[in-house]
Amino acid sequence: MTVDTKTYVVGLLESYQKRSKQIDLLHYELSHPTDISENEMISALALSHAEGGGGTVGHISDKTLYIALNYQEQIQKASGASKSEIADQLMELENIQRRLVYYVSLLDKRQAELLEHLYFEGYSQEECAAKLGIATRTVRRIREDALNNLTELYSFAEGFAARKLS
């Protein structure tokens, strides 16, 4: 068990709720994509030559016809790229979240329950102690044991993955 892995695991737990919100937002963005208007696309494709750009200021480029005929295709490409980026990020966050929840579920029932209350539900150590009917000192001990066990699970999995890649 390395300090780096333990720091990583604690960071995963502490950022669980933030990641959950990000996942919810990305699901929304994926199902409600921002449409690019025709005017935005035309502006982005820069139909006019810029000053000093080899043409008269305000002169319509010879690409105008091509752009006018294909702007819808360009809008769809831009929209598709955006959806693809959102989907990639969403998949990455969901994989991190699923792995963390699964690894926590592999812990002793008491340890898993405590980590769920502390990190997934956002209770304080004092609230967990009251909820579980134990002393705050016991909460700290169970938390530390749970973090050590969770770190061992991540270390084992990372070591296995590293051996598999070699």
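The values are calculated or read from the model by the stated rules, or taken from the named source; none is laboratory data. Note that the structure is predicted; figures quoted are calculated from it, not measured. Every residue, glycine among them, receives a Cβ derived from its backbone with ideal geometry; neighbour counts consider all protein chains shown. The area values use the complete protein model at the heavy-atom level, side chains included, leaving out ligands, DNA and RNA. Shrake-Rupley method; radii C 1.70, N 1.55, O 1.52, S 1.80 Å.
Observations, loosely collected:
- Label-to-label distance, nm, for residues given as Asn95 and Thr138 (7 Å Cα→Cβ offset): 4.0
- Residues Ser15 and Leu106, FRET efficiency given R0 of 30 Å [Cβ-Cβ distance, rounded to 0.05]: 0.90
- Computed with a 1.4 Å probe over protein heavy atoms only, the accessible surface of segment 81-166 comes to 62 Å² per residue.
- For the residue pairs Lys18/Lys83; Lys6/Lys131; Lys6/Lys109, alpha carbon separations beyond 24 Å are given by Lys6/Lys131.
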